[in-house]
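Bear in mind these aren't lab numbers, they're just calculated from the coordinates by the rules spelled out. Here the structure is a predicted model, which means the values were calculated and not measured. Positions of Cβ are generated from backbone atoms using ideal geometry, with glycine treated the same way; all protein chains shown enter the neighbour counts.
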Amino acid sequence: MPRGRRPCRRANPLSRAIAVGYPLVTMDHASINLAANVRRLREERGLTQRQLAELSGVPRPTLAHIESGEANPTLHVLVKVAAALSSPIEGLIGNPRATVRKYSRESLPERTRNGVTVRDLVPDAVPGLAIDRTELPAGTQVRVVSRGPGTRQFITCERGSLDVAVGDECWVLGPGDLIVAGGEAGYRAVNSGRGTAVLFAVAAPAPSL
């Protein structure tokens, strides 16, 4: 070798991959993917961590640790979680897929009674959650039965004016006004105005104290 020349280094494949911009999946990325995928799949199936623990045989604290993104579970644990979620292991550690889906108006459940149209805005059942859009022509009303104990309801007027009664109390709602009440009482909304009124109602589990 001529004097003064330094020997050339042979680039290793990892360095070459970084140089040309190939994406690398690190353990941190795998843990983040695992956390997001397990949480998404569990929620899509309407399962709590406790229910998933019973199905998979994996302790609930271990599942909570996985969903936090800080766990490094064994292959045995991954196999049990994947089986309980009816997913291949690749579905747990791969890049999370997009969860956005568009529903056309015609595909949403809708019912009409006495001129009042109620559209369900939760097409895929979510335990404890209900979102309704209700159109009330002038002079009509709608009654909603109790959502059950341990729930909370949010009632807002989007258009027009509504008289809303919850239990023994009654309020007049204009556009943008909101009522928050316990879901055990149900409610009644009356459109005493001249035009069509639109109401949105959300029922969800009340936060535990």
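Dipole orientation for segment 105-205: of the candidates GLN141, PHE200, ALA185, GLN141 has the Cα lying most toward the positive pole (charges on Cβ; Lys, Arg +1; Asp, Glu -1). Segment 105-205: Rg/Rh from Cα coordinates, Kirkwood Rh? Rg divided by Rh gives 0.95. Under a 5 Å amide H cut-off, with hydrogens placed 1.01 Å from N, THR196 pairs with ALA138 among residues at least 5 apart or on other chains.
Counting other Cβ atoms within 10 Å as a rough exposure proxy, the listed residues VAL100, VAL122, VAL172, VAL198 run VAL100, VAL172, VAL122, VAL198 from fewest neighbours to most. Near GLN51, once Lys and Arg are set to +1 and Asp and Glu to -1 for all other residues with Cβ below 10 Å from its Cβ, the sum equals +3. Karplus-based coupling profile of segment 47-58, in residue order and whole Hz: 9, 7, 4, 5, 5, 5, 4, 5, 6, 8, x, 9, with θ = phi - 60° in 6.51 cos²θ - 1.76 cosθ + 1.60 and x standing for Gly or Pro.
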